[in-house]
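*Asks:* Attaching a single structure in structure tokens format; questions to follow.
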Amino acid sequence: MHELLQRLLGKRGVKVDELDQEEKKVFEGWQEALSKSELTTQDIKNFCQSQIDIIETKWADYGLEQNKKAELIPYHHVYKTISKVVDSPKQMIESLEKNLLQLIEQ
């Protein structure tokens, strides 16, 4: 475990095996990010997707108040936008390849 995470959990008196599923996902994401010297675009995509999954799980919770769910909309939008930006070069390449193939077939 990364030293900073260990210190934070120790200060709060929390043990990793006591975390719920959502908290464990966040913890694992932090642990993975802190263990690398540089983040890749795939790391960013994975982080954004994990945050999107957490938000959507909360939206599916019928016990959560509607105003709490509504507060998550801007966060969801930001993570989705970041994911799209990271994927945009790939999508641009795919689109260009598709157009070139169409020109070749003519």
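Coordinate-derived values only; no laboratory data. Note that the structure is predicted; figures quoted are calculated from it, not measured. For neighbour counting, all protein chains shown are included, and Cβ atoms are generated from backbone atoms with ideal geometry for every residue, glycine included.
*Asks:* Which lysines, if any, have their Cα less than 23 Å from the Cα of Lys80, not counting same-chain residues under 8 positions apart?
*Replies:* Hits, sequence-local ones excluded: Lys24, Lys25, Lys45, Lys58, Lys68, Lys69, Lys90.
*Asks:* Also, quick follow-up: Using a Förster distance of 30 angstrom, determine the FRET efficiency expected from the C-beta separation of Lys68 and Ser35, and round it to 0.05.
*Replies:* For Lys68 and Ser35, the calculated efficiency is 0.40.
*Asks:* Also: Roughly how tilted is helix 41-59, in degrees to the nearest 10 and between 0 and 90, from the longest Cα axis of the chain?
*Replies:* The angle comes out near 60 degrees.
*Asks:* On to the next question. In percent, what relative contact order does region 3-105 have, based on Cα pairs under 8 Å that are 6 or more apart in sequence?
*Replies:* 24
*Asks:* Cα axis of helix 73-105 to longest principal axis of the chain: angle in degrees, 0 to 90, nearest 10?
*Replies:* Between helix and principal axis, roughly 20 degrees.
*Asks:* A further question follows. With a bin width of 5 angstrom, please list the P(r) values of the chain as percents of all Cα-Cα pairs, from the 0 bin to the one holding the largest distance.
*Replies:* With a bin width of 5 Å, the distribution comes to 2, 10, 14, 15, 15, 15, 11, 6, 4, 3, 2, 1, 1, 0.
*Asks:* Sticking with this one: So which chymotrypsin sites (Phe, Trp or Tyr not before Pro) in region 1-60 are both in a DSSP loop and have at most 15 other Cβ atoms within 10 Å of their Cβ?
*Replies:* Passing both the DSSP loop test and the Cβ count: no residue.
*Asks:* If you filter region 11-106 for GluC sites (Glu not before Pro), then keep DSSP loop positions with at most 12 other Cβ within 10 Å, what is left?
*Replies:* Glu38, Glu65
*Asks:* Given a 10 angstrom Cα cut-off, can you work out which residue in Leu64, Leu19, Leu34 is the most mobile in a GNM of the chain?
*Replies:* Among Leu64, Leu19, Leu34, the largest mean-square fluctuation in the Gaussian network model of the chain belongs to Leu64.
*Asks:* Taking loop as defined by DSSP and a crowding limit of 13 other beta carbons within 10 Å, which trypsin sites (Lys or Arg not before Pro) in region 32-77 fit?
*Replies:* Lys36
*Asks:* Let me ask something additional. What ranking do Arg12, Arg7 get, fewest neighbouring Cβ atoms within 10 angstrom at the top?
*Replies:* Arg12, Arg7
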